[in-house]
Amino acid sequence: MMTNAAPAHLTDVRPGQQLPALHRRPTRVSVFLFGVAYWTSHRIHYDVDAAREEGFGDVVVTANLLSAYSVEMLTHWTGDTRCVLELEERNLAPALAGDALTMTGRVLDVSETDGVRRARCSLLIAKDDGTTVVSGHAVVRLPDSAPTARR
């Protein structure tokens, strides 16, 4: 018999709790491939010369890839690839291919509605030099704290 009990680190989620950080360094190839998947047509996302003509040092990481990193951090934390219920982000500075990025988050509050536990979390993506690239928040579904049988 399998259970869907919450992992130990999620049984006592509290406001102020830090989420485990995620580190990524997007490459030109990863930015290009992600852009292809999302039909990104602006040349600054795949053409180094076009990006430099616009004043950037390298290709610019798409907002969708940055959001994917935030979602990756949240799903690693909860262990559920379908946990994200809401995601709102604001891009504050560009991230370029080769930049070392750190995704962090903090639990703002925890609630339960209709038997579903939720955590509202602040989100931040920053470069290693401290520049904030993305700020936002998400609401995630937390696993049940009590084990229940699955069929």
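Every number here is computed from the coordinates shown, using simple stated rules; none is lab data. Here the structure is a predicted model, which means the values were calculated and not measured. Note: ideal-geometry Cβ built from the backbone for every residue, glycine included; neighbour counts use all protein chains shown.
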Point to revise | Matching label, percent of Cα pairs over 23 Å apart computed from the structure shown, candidates (i) 39; (ii) 54; (iii) 42 | key: (iii)
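Restricting to Cα pairs below 8 Å that are 6+ residues apart, what does the relative contact order work out to for the chain? Please round to a whole percent. Each step should come with its number before you reach the end.
Working: 307 pairs, mean separation 49.6, N = 151.
Reported relative contact order: 33 percent.
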Practice item. Report, in debye and to the nearest 20, how large the dipole of the chain comes out about its Cα centre when Lys and Arg carry +1 and Asp and Glu carry -1 on their Cβ. Key: 460 debye
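Out of the chymotrypsin sites (Phe, Trp or Tyr not before Pro) in the stretch 5-73, which ones are loop residues according to DSSP with at most 14 other C-beta atoms within 10 Å?
Answer in residue order: Y38, W39.
Okay, helix-only estimate at 222 nm for the chain: each DSSP H run of n ≥ 4 adds -39500 (n - 2.57), divide by all residues, round to 500 deg cm²/dmol; what do you get? Please list the in-between numbers first.
Details: 3 runs with 32 residues, N = 151.
Estimated from H runs of four or more residues: -6500 deg cm²/dmol.
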**Study point:** Farthest toward positive dipole pole in the chain [+1 Lys/Arg, -1 Asp/Glu at C-beta], among Q18, A37, S135
**Key:** Q18
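At a Förster distance of 35 Å, what's the computed FRET efficiency of H42 paired with Q18, Cβ-Cβ distance as r, to 0.05? Please list the in-between numbers first.
Details: r = 35 Å, r/R0 = 0.99.
Efficiency for this residue pair is about 0.50.
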